[in-house]
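The values are calculated or read from the model by the stated rules, or taken from the named source; none is laboratory data. The structure presented is a predicted model; accordingly, all values stated were derived computationally and were not measured. FYI the Cβ positions are ideal-geometry reconstructions off the backbone, even for glycines, and counts take in every protein chain you see. Heavy atoms of the whole protein, side chains included, go into the accessibility calculation; ligands, DNA and RNA do not. Shrake-Rupley method; radii C 1.70, N 1.55, O 1.52, S 1.80 Å.
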Amino acid sequence: RRNITAYQLGLTESQLIELCLIVGNDYTNSYTSYYQFGMKPIPKELLNRYSKYTPDIIYNLLLRNSVDSVATSNNYNATKALQFSRDVYNLNDISKYPVDKDIS
């Protein structure tokens, strides 16, 4: 459960979601070079998704920042990817987002 995982990591649930967004998923991975945390750009070397240290470094970045800091971007598509993923992780209604056609 998310609340237990967050608690064990010493994060709030919101911080855990931000960690997941910055580390990346299918929707956000393409835009990691555009992200910033709060108003501070995330150094590009921390966003190397092939580094085995990246999640740990981003985790520590989250711990050093305020509870309300969130991943943001000035790039339109990156912002949309973050918004969609945040809504999915928060179990919000995602019907406002375009859906790919089912190919099955």
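Only residues that are aromatic (Phe, Trp, Tyr) and open to solvent by 30 Å² or more (accessible area, probe 1.4 Å): list them for segment 1-39, please.
Across segment 1-39, the qualifying residues are TYR7, TYR27, TYR31, TYR34.
Within segment 79-102, count every residue that is of a type outside the set (A, V, I, L, M) and surrounded by 10 or more Cβ atoms within 10 Å (Cβ to Cβ).
At the first step, the residues of segment 79-102 found to be of a type outside the set (A, V, I, L, M) are 79-80, 83-87, 89-90, 92-93, 95-98, 100-102.
After this cut, where a residue has to be surrounded by 10 or more Cβ atoms within 10 Å (Cβ to Cβ) as well, the list is 79-80, 83-87, 89-90, 92, 97.
Selection size over segment 79-102: 11.
If a residue counts only when it is at pLDDT 85 or above, which helices (runs of 4 or more DSSP H) contained entirely in segment 8-100 have at least 1 such residues?
13-23, 76-89
Which pairs have Cβ atoms under 6 Å, sit 6 or more apart or on different chains, and link a residue in segment 69-96 that is among the polar types (S, T, N, Q) to one that is surrounded by 12 or more Cβ atoms within 10 Å (Cβ to Cβ) and outside any helix (DSSP H, G or I)?
SER69/PHE37; SER69/GLY38; THR72/GLN36; SER73/TYR35; THR79/SER73; SER85/ASN25; SER85/TYR27; SER85/THR28
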